[in-house]
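For reference, the structure discussed in these notes is given below.
Nothing in this text is a laboratory measurement; each read-out follows from the coordinates by a stated rule. Keep in mind that what you see is a predicted model, and the values were worked out from it rather than measured. As a convention, Cβ positions derive from the backbone with ideal geometry for all residues, glycine included, and neighbour counts pool all protein chains shown.
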Amino acid sequence: MYLILTASPNTDGLTAACAEAAHTGLSEASVEAHRIHLCKLKLEHCRQCGNGWGQCLREHTCVIQDDIVPVQEALAEAEGIVLVTPVYYGEPSEAFKAVFDRVRRCETGTGEEGRVVGKPIISVAAAGGSGGGITTCLLSMEMLTRHLRAQVADLIGVTQHNRAYTLGHIQAAARNLVTRVPTA
Ligand SMILES: Cc1cc2nc3c(=O)[nH]c(=O)nc-3n(C[C@H](O)[C@H](O)[C@H](O)COP(=O)(O)O)c2cc1C
């Protein structure tokens with residue numbers, strides 16, 4: 001199973017178009033794609049238990065058993081992952097951060113048992129405004145991928161100006177998550 005996570009409240013915008021392109025690429029590679037809209041989840045933010053570390057470090061689960069649980073289960077099951085967030089203030093969106101602030105903590109200290117260790121992740125930053133802040137958003141996503149000890153499969157910035165040809169890039173990158181050969 002391959003996973004596409006989106007983090008925009010807009011289900012018909014740039015983020016959705018990027019997710020659709022990724023879905024098409026995965027379909028071309030004949031694999032099942034599971035999509036999760038992070039904005040539709042019921043989530044609390046991290047409580048920074050104890051002196052900063054809590055159950056997340058000891059047991060690799062969050063003390064708050066809300067919709068983070070199915071996300072963690074899907075991440076554990078996935079063979080490859082596509083993350084798509086709108087760029088807000090040069091960062092991933094609030095929904096993205098609410099999920100991955102907690103997911104990242106739970107992966108800390110898991111060694112080779114981590115839910116996403118070694119798995120390829122494509123990060124897509126959709127900057128539909130000026131296009132500014134794409135690099136800082138992708139930097140956050142790259143850091144997240146490294147903290148998860150996953151593999152950076154691609155880092156893709158999409159703007160209003162490059163949208164037409166970059167959607168094709170996303171499609172090819174998603175296909176390549178499965179086929180794992182350099183695209184010509
Ligand atoms: C709070 C907020 C902050 C934003 N900050 C940026 C930004 O830093 N750079 C940019 O290019 N666009 C920015 N935008 C525009 C979004 O990236 C743009 O609306 C994007 O297309 C959102 O994805 P969507 O089409 O899926 O809604 C911002 C939008 C919002 C609502």
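Numbers at a glance
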read-out	value
Shape of the stretch 51-183, Cα gyration tensor, a/c cut at 1.5	oblate
Cα centroid separation, the stretch 41-115 to the stretch 8-28 (Å)	22
Square roots of 5 times each gyration tensor eigenvalue, C-alpha, the stretch 82-122, largest first, Å	23, 13, 6
FRET efficiency estimate (nearest 0.05) - Cβ-Cβ, Lys42 to Ala76, R0 25 angstrom	0.80
Beta bridges by DSSP in the stretch 87-184, antiparallel share as percent, to the nearest 5	20
DSSP-loop GluC sites (Glu not before Pro) across the stretch 16-52, with at most 16 other Cβ within 10 angstrom	Glu32, Glu44
Share, in percent, of DSSP beta bridges within the chain that are antiparallel, nearest 5	10
Value of relative contact order over the stretch 2-179, rounded to a whole percent, pairs C-alpha under 8 Å and six or more apart	28
Selection from Thr24, Ile122, His37, by position along the positive dipole direction of the chain (Cβ)	Ile122
In the stretch 85-184, the trypsin sites (Lys or Arg not before Pro) that fall in loop regions by DSSP, at most 15 other Cβ within 10 Å	Arg180
Vicinal HN-Hα couplings computed from phi for the stretch 97-105 (Karplus, 6.51 cos²θ - 1.76 cosθ + 1.60; Hz; Gly/Pro x)	5, 4, 6, 7, 4, 7, 4, 4, 4
Dipole magnitude of the stretch 2-179 about its Cα centre (Cβ charges: Lys, Arg +1; Asp, Glu -1), debye to nearest 20	300
Given charges at beta-carbon only (K, R positive; D, E negative), |dipole| of the stretch 7-55 in Debye	320
Helix-only [θ]222 nm of the chain, DSSP H runs n ≥ 4, -39500 (n - 2.57) each, per residue, nearest 500	-13000 deg cm²/dmol
Trypsin sites (Lys or Arg not before Pro) restricted to the stretch 5-64 and DSSP loop, no more than 13 other C-beta within 10 Å	Lys42, Arg47
Spin-label pair Arg149/Thr135, simplified geometry with 7 Å Cα→Cβ offset, distance in nm	3.1
